[in-house]
1. Select, from Arg207, Arg182, the only residue that is buried (at least 18 other Cβ atoms within 10 Å of the Cβ) and in the same structural domain as Phe263 (by TED's automatic domain parsing).
2. Could you check, for region 234-246, whether at least one of its residues is under 26 Å from Pro81 (Cβ atoms), modelled with pLDDT under 95, outside the structural domain of Thr48 (by TED's automatic domain parsing) and over 22 Å from the mean Cα position of the chain (by Cα)?
3. For residues that are surrounded by fewer than 19 Cβ atoms within 10 Å (Cβ to Cβ) and either aliphatic (A, V, I, L, M) or assigned to a helix (DSSP H, G or I) (or both), scanning just region 210-225, find the one that is farthest from the chain's Cα centre (by Cα).
4. For region 46-93: of the residues being of a type in the set (Lys, Arg) and in a strand (DSSP E or B), which is nearest to the chain's Cα centre (by Cα)?
5. Inspect all residues belonging to region 23-37 and state whether any of them is closer than 28 Å to Arg227 by Cβ and not aromatic (Phe, Trp, Tyr).
6. Filter region 127-172 for residues that are under 30 Å from Asn220 (Cβ atoms) and surrounded by fewer than 17 Cβ atoms within 10 Å (Cβ to Cβ); which is modelled with the highest pLDDT?
7. Note down all Cβ pairs under 6 Å where the first residue falls in region 104-118 and is closer than 17 Å to His61 by Cβ, the second is modelled with pLDDT of 80 or more and surrounded by 14 or more Cβ atoms within 10 Å (Cβ to Cβ), and they're at least six residues apart or on different chains.
Amino acid sequence: MVKKRQGGIRDLEFAAPAGIPHAVEVMSLHDLRSRTDRALLGSPQRPTFHHLLTLDRGTLHHTVDFTRHELTPGSWLWVRPGQVQQWGDLGDVDGMLILVEPTFLDATHTGPARYDFSAEDRRRLTVSAGHLAGVFADPGSLPLDVRQAVLRQLLVVLVTQLTHLGSPHTEAVPETVFVRFRDTLERDFTRSHRLDDYARTLGYSTRTLSRATQAAAGVNGKEFIDRRIVLEAKRLLAHSDHTAAQIATRLGFTSATNFTKYFHVRTGHTPIAFRSTLKGR
């Protein structure tokens, strides 16, 4: 299902093809290109599910929250639920796209959006992805519940390899505290901008939240909140015609003036200047 929301960003909800259970879908980029409207692919979209993407042929430019990624054969891109993406031209590329609902994938898996690998690591990932695609493409080979369990395990193997091989020198963070904070922030950032509020809601001290966030995301708790609010402000400024006052209201500010000051302090630009810069590209 595709829903277009006010603001010019399309919200995409997971919709598996007929006869295929919800949770995960594996397709080629050729299939994506042939069955999806080009205007939809090129427009800003905010999926509610994970995208795992790798190329076999060609070069693809794929933008995720203002970062333009150039993908080549063997590289992988992970777009997480809630991120705003725009597809580049799929005309000369092929590869694999894995769509996964959040409940089917362990949310504590973290890592960079883009991954590049050595030739040997690429081979390992190709084998793992091939196993996943093979089970998905043969729905009658196993009972439904067994097939879903196998797909889940194969997906865990693939994602674990991605996060380990793609960032071998980073420490995996146990992130019970951080994940709870991140998920609550995602739900409430338009209503609360204060670290104290999240600490009280979750039952932690502000120091505990900041330490967990510093370990997992490299910034303290307040900075993590500010970055999430600024990101949403940038999305609305880039992809909608909302006024600063309208955006201020959507993001929980008491006035356009307060929003403008907040945005300027954290970006070096006023909201109008930021929007003008994007339009001038």
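The values are calculated or read from the model by the stated rules, or taken from the named source; none is laboratory data. Please read all numbers here as calculations on a predicted model, not as lab measurements. Reconstructed Cβ throughout: ideal geometry from the backbone, glycine too, with neighbour counts over all protein chains shown.
1. Unique residue meeting the criteria: Arg182.
2. Taking every residue of region 234-246 in turn, at least one turns out to be under 26 Å from Pro81 (Cβ atoms), modelled with pLDDT under 95, outside the structural domain of Thr48 (by TED's automatic domain parsing) and over 22 Å from the mean Cα position of the chain (by Cα).
3. Arg211
4. By that ranking, first place goes to Arg46.
5. Checked against the condition, which is being closer than 28 Å to Arg227 by Cβ and not aromatic (Phe, Trp, Tyr), region 23-37 yields no hits at all.
6. So, considering only residues that are under 30 Å from Asn220 (Cβ atoms) and surrounded by fewer than 17 Cβ atoms within 10 Å (Cβ to Cβ), the one modelled with the highest pLDDT is Thr160.
7. Final answer for the pair search is Ala113/Val64; Ala113/Trp78; Arg114/His69; Arg114/Leu77; Tyr115/Trp76; Tyr115/Leu162; Asp116/Ser75.
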